[in-house]
Amino acid sequence: MRRARILLADDHAMICAGFQKLLEPEFELVGTVGDGRSLLTSAEELNPELVLVDVGMPLLDGLDAARRLKKTMPSYS
């Protein structure tokens, strides 16, 4: 059975590592990013099915990044 592809966006390495450990048995973690701008770029490149976003990130916060991602990739609605 194919696992869902997830992109993780969080600026804290320990949080990313914890989510990775929890998610990898059931999901394919296609990447992690540490800021909102990288999230937008990586989402277009990696085309994940699900994006897990931290609200408070540098360069572009998670809420603004999610809004922009929704506009550029409407399949994430």
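Below is a table of values for the structure above.
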read-out: Filter result for Leu50 (buried (at least 16 other Cβ atoms within 10 Å of the Cβ), in contact (Cβ under 8 Å) with a residue 12 or more places away in the chain and on the phi < 0 side of the Ramachandran plot); value: no
read-out: Sole exception among (1) surrounded by 17 or more Cβ atoms within 10 Å (Cβ to Cβ); (2) of a type outside the set (A, V, I, L, M); (3) modelled with pLDDT under 90 for Gly56, by number; value: (1)
read-out: Answer residue from segment 40-77, given it is in a loop (DSSP other than H, G, I, E, B) and aliphatic (A, V, I, L, M) and is nearest to Leu23 (Cα to Cα) among those; value: Val55
read-out: Tally, over segment 14-39, of residues that are part of a loop (DSSP other than H, G, I, E, B), among the acidic types (Asp, Glu) and surrounded by 12 or more Cβ atoms within 10 Å (Cβ to Cβ); value: 2
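The values are calculated or read from the model by the stated rules, or taken from the named source; none is laboratory data. Since we're looking at a predicted model, the values are computed, not measured. Backbone-built Cβ (ideal geometry, glycine too); neighbour counts: all protein chains shown.
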